[in-house]
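The structure appears right after this line, and notes come after that.
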Amino acid sequence: MARSQTLATLFVASISLGVALPAAAQQVVPPQQDGATLRAALAPTMALPGKPMPTDASALDAMFGQRDWTRLAARLHSERSAPQTLLDMNWEQKRIYDGAGFLISYAYMNDLWRMGASLPPQTGAGLQQTAAMMFLYSLDLTVIDGPKCADVTAAGHRREQLSAQNPALVAYIKTLPRAERMKLGTISLSIEAATAALRPNDEILCSGGLSEMQAGLKAQGNTPLPQVPNAPGTIGKSYAVPSAPGYAPQFVAETVWRPKQTEARAAMPKALTRMLTLPTDSQPPVSAK
């Protein structure tokens, strides 16, 4: 376990050092370098040759290549020992560096958070901060890659899931000093810039919206929907809409999404600053103008 703790701590330190950051900035800052330069800076951390991988890495690669998202998600979200989780994190880092989307960033965030919570505070704190950064990176993807989705509700649904399913992580972010919150937001945007050219259409990000729900209802016909446990605070009964067999998310043409993505990316530093600013901060919230 000591070996796992050392490797995890080194990762947290190096990911921050790999990105050029203003000192103690009181707002989220756009990337200070171009994507290629940022990729080169992050490579020793996220894509170091010879980094140990899970024993079933070839199976993970196959599921990823075949877009078998259901099996891949189940495998990455399964309960594992700390050393096994660390190996999975190595695989997830490399995949994110190579352009993997929302599913892998979410899994990596969860692994960081679970690992951080299982370690003593002096060791786990860095992992928890990196989990917070990956939360923000996943949020970035919903906004910046969302314009690629033909179903305009899909990315917003993933954004809602991100917050609703991770209340402890959201609460943790609010405990960090303002400058630390802004630094994590800045790093998240730098990684987004470093991976932008490699990220393809994201089937997971662009699924789960109203279009898929309507397809599921149509496929269900007159068969009653299965009831599921209520989310905390929900009144009444909750039902699940099964996915329609063969449903696949659709994407708009690049001529449509590209200008929208450029606009969304330019707006993200200010949007993250507003989101990460708390009423108790000594600095006033960023202006919406």
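In table form, for the structure just shown:
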read-out	value
Matching helices (runs of 4 or more DSSP H) fully within segment 165-229 where at least 3 residues are modelled with pLDDT of 95 or more and under 20 Å from THR142 (Cα atoms)	167-175, 178-195
All positions within segment 147-178 that are among the small types (Gly, Ala, Ser), closer than 16 Å to ILE204 by Cβ and surrounded by fewer than 22 Cβ atoms within 10 Å (Cβ to Cβ)	ALA150, GLY156
Residue within segment 5-20 that is modelled with pLDDT of 90 or more and either over 28 Å from ALA82 (Cα atoms) or among the aliphatic types (A, V, I, L, M) (or both) present	no
Enumeration of residues in segment 114-133 that are hydrophobic (A, V, I, L, M, F, W, C), more than 16 Å from ARG181 (Cα to Cα), in a helix (DSSP H, G or I) and in contact (Cβ under 8 Å) with a residue 40 or more places away in the chain	MET115
Close pairs from segment 251-272: first under 28 Å from ALA25 (Cα atoms) and touching a residue at least 60 places away in the same chain (Cβ under 8 Å), partner part of a helix (DSSP H, G or I) and of a type in the set (Asp, Glu), Cβ under 7 Å, at least 6 apart	MET268/ASP140
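The values are calculated or read from the model by the stated rules, or taken from the named source; none is laboratory data. Source: prediction; values computed, not measured. Counting neighbours? That spans all protein chains shown, and the Cβs are built from the backbone with ideal geometry, glycine included.
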